[in-house]
Amino acid sequence: MSSNLRLILLGTGNPTPRAHRAGQSIAVLTDDAGAVFDLGPGSAMNLFASSIDPLAIDQLFFTHHHFDHMADFGHFVMARWDQGAGAGDALSVYGPPPLRRIAHLLFSPEGVYGPDLQARTRHPLSQRIHQLRGGPMPRTLPTLDIHELEEDETVTSDHWTVTTGPARHVQPYLTSLSYRLETPSASVIISGDTRPLPALVDFARDADVLVHMAMDLQDEIDRWPEIATSCTGAAGAARIAAQANVQRLVLVHLDTTADHPNRQAAMHAEARAEFTGDIILGKDFLEIPVSA
Ligand SMILES: [Zn+2]
């Protein structure tokens, strides 16, 4: 297993479209492998515009199926495959149900991209462009290896293990998961969208980095019970980080209110009152240090 982990934020926003914050997405990379957790709107473009080689990403994980976490699933798969000249066919995809149905509705012959896939593999124009990119013939289709996950499951690869954990967001309409990625020397937690969850403390115990939802100040979240039982603010995330004894807290999924520098300073101060470790307010393209 490789231990030289890199963590890059590709999308740190919420469902409100913003040019400078894509929907939720986090890339975890070693020298020779990569995984992306969620692909919110705009995040695939950020990934393609970043230093990350899309072909190095061979695992996708979804925390849940709100569109601000998976709207770019189609774009990423299609562009990685199309530009990959045959090297971007295979991809492993993990997430809660109904992931299998979503993938089928997008990429099967009768799915959203079915006609495009047929045209790009069969029309001479696309075949020629594919060959000019160095692609072999006959042109093949994407082959997604879909795995629907529940809590307390572990995915093992040559580079790391990824374990699913708890998250409580908008059940029962959508199932939500958190993730813990571990190498022998480093660990990263992705909370996904959740209210502050005591069970996440044990799941995140002693991690190097906790990437946690923090929409706004906790007081703003707590004004509305429907929001407070589904989402987390800065202080709530920081309390989880402190109780779990993580090294570094990264706040993501920021609301538009959190775009103002004064609000960001207030969120940082609110988190600092709860947690003495490193606190980072996320922004797109930011690389997060991961202690080895
Ligand atoms: Zn969300």
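The values are calculated or read from the model by the stated rules, or taken from the named source; none is laboratory data. Values in this document were obtained by computation on a predicted structure and should not be read as measured data. FYI the Cβ positions are ideal-geometry reconstructions off the backbone, even for glycines, and counts take in every protein chain you see.
Considering THR16, THR63, the condition of being within 19 Å of TYR179 (Cα to Cα), β-branched (Val, Ile, Thr) and in a loop (DSSP other than H, G, I, E, B) is satisfied by THR63 alone. Could you tell me which residue of segment 202-222 is nearest to the ligand (Cβ to nearest atom), considering only residues that are buried (at least 19 other Cβ atoms within 10 Å of the Cβ) and of a type in the set (D, E, K, R)? Top of the filtered list is ASP216. Residues of segment 82-91 include none that is within 16 Å of the ligand (Cβ to nearest atom) and either assigned to a helix (DSSP H, G or I) or of a type in the set (Ser, Thr, Tyr) (or both).
Close Cβ contacts (under 9 Å, 6 or more residues apart or on different chains) running from residues in segment 95-123 that are over 19 Å from ASP72 (Cβ atoms) and at pLDDT below 95 to residues that are among the acidic types (Asp, Glu) and surrounded by 14 or more Cβ atoms within 10 Å (Cβ to Cβ) are absent. Set side by side, the residues HIS20, HIS75, HIS66 differ, and just one is within 16 Å of the chain's Cα centre (by Cα) and either on the phi > 0 side of the Ramachandran plot or surrounded by fewer than 20 Cβ atoms within 10 Å (Cβ to Cβ) (or both), which is HIS75. Consider HIS130 carefully, then state whether it is surrounded by 13 or more Cβ atoms within 10 Å (Cβ to Cβ), touching a residue at least 24 places away in the same chain (Cβ under 8 Å) and closer than 30 Å to ALA244 by Cα. No: the conditions fail for HIS130. Determine, yes or no, whether ALA33 is of a type in the set (A, V, I, L, M, F, W, C), without any contact (Cβ under 8 Å) to a residue 24 or more places away in the chain and surrounded by fewer than 24 Cβ atoms within 10 Å (Cβ to Cβ). Considered against the rule, which asks whether it is of a type in the set (A, V, I, L, M, F, W, C), without any contact (Cβ under 8 Å) to a residue 24 or more places away in the chain and surrounded by fewer than 24 Cβ atoms within 10 Å (Cβ to Cβ), ALA33 comes out as no. Based on what the data block shows, is GLY13 at pLDDT 95 or above, under 11 Å from the mean Cα position of the chain (by Cα) and either among the acidic types (Asp, Glu) or within 16 Å of the ligand (Cβ to nearest atom) (or both)? In short, no. Looking at segment 175-292, the helices (runs of 4 or more DSSP H) lying wholly inside it that each contain 3 or more residues that are among the aliphatic types (A, V, I, L, M) sit at 198-203, 234-244, 261-272. Scanning segment 20-51 for residues that are more than 21 Å from TYR179 (Cα to Cα) and modelled with pLDDT of 95 or more yields a count of 8.
Among the residues in segment 38-51, are any touching a Leu at 6+ places or on another chain (Cβ under 8 Å), within 13 Å of the ligand (Cβ to nearest atom) and outside any loop (DSSP other than H, G, I, E, B)? Yes, there is a match, as at least one residue in segment 38-51 is touching a Leu at 6+ places or on another chain (Cβ under 8 Å), within 13 Å of the ligand (Cβ to nearest atom) and outside any loop (DSSP other than H, G, I, E, B).
Considering only residues that are small (Gly, Ala, Ser) and surrounded by fewer than 24 Cβ atoms within 10 Å (Cβ to Cβ), look in segment 177-191 and name the one that is nearest to SER291 (Cα to Cα). Only one residue fits best here, namely ALA186.
Between a first residue in segment 213-233 that is within 17 Å of ALA167 (Cβ to Cβ) and a second residue that is of a type in the set (D, E, K, R) and within 12 Å of the ligand (Cβ to nearest atom), which pairs have beta carbons less than 8 Å apart while being 6 or more apart in sequence or on different chains? Partner pairs satisfying both residue conditions: MET213/ASP193; MET215/ASP255; SER230/ASP193; CYS231/ASP193. Look at (1) surrounded by 21 or more Cβ atoms within 10 Å (Cβ to Cβ); (2) within 16 Å of the ligand (Cβ to nearest atom) and you find that LEU5 fails only one, number (2). For PRO196, the criteria (1) in contact (Cβ under 8 Å) with a residue 60 or more places away in the chain; (2) within 16 Å of the ligand (Cβ to nearest atom) hold in every case but one, which is (1).
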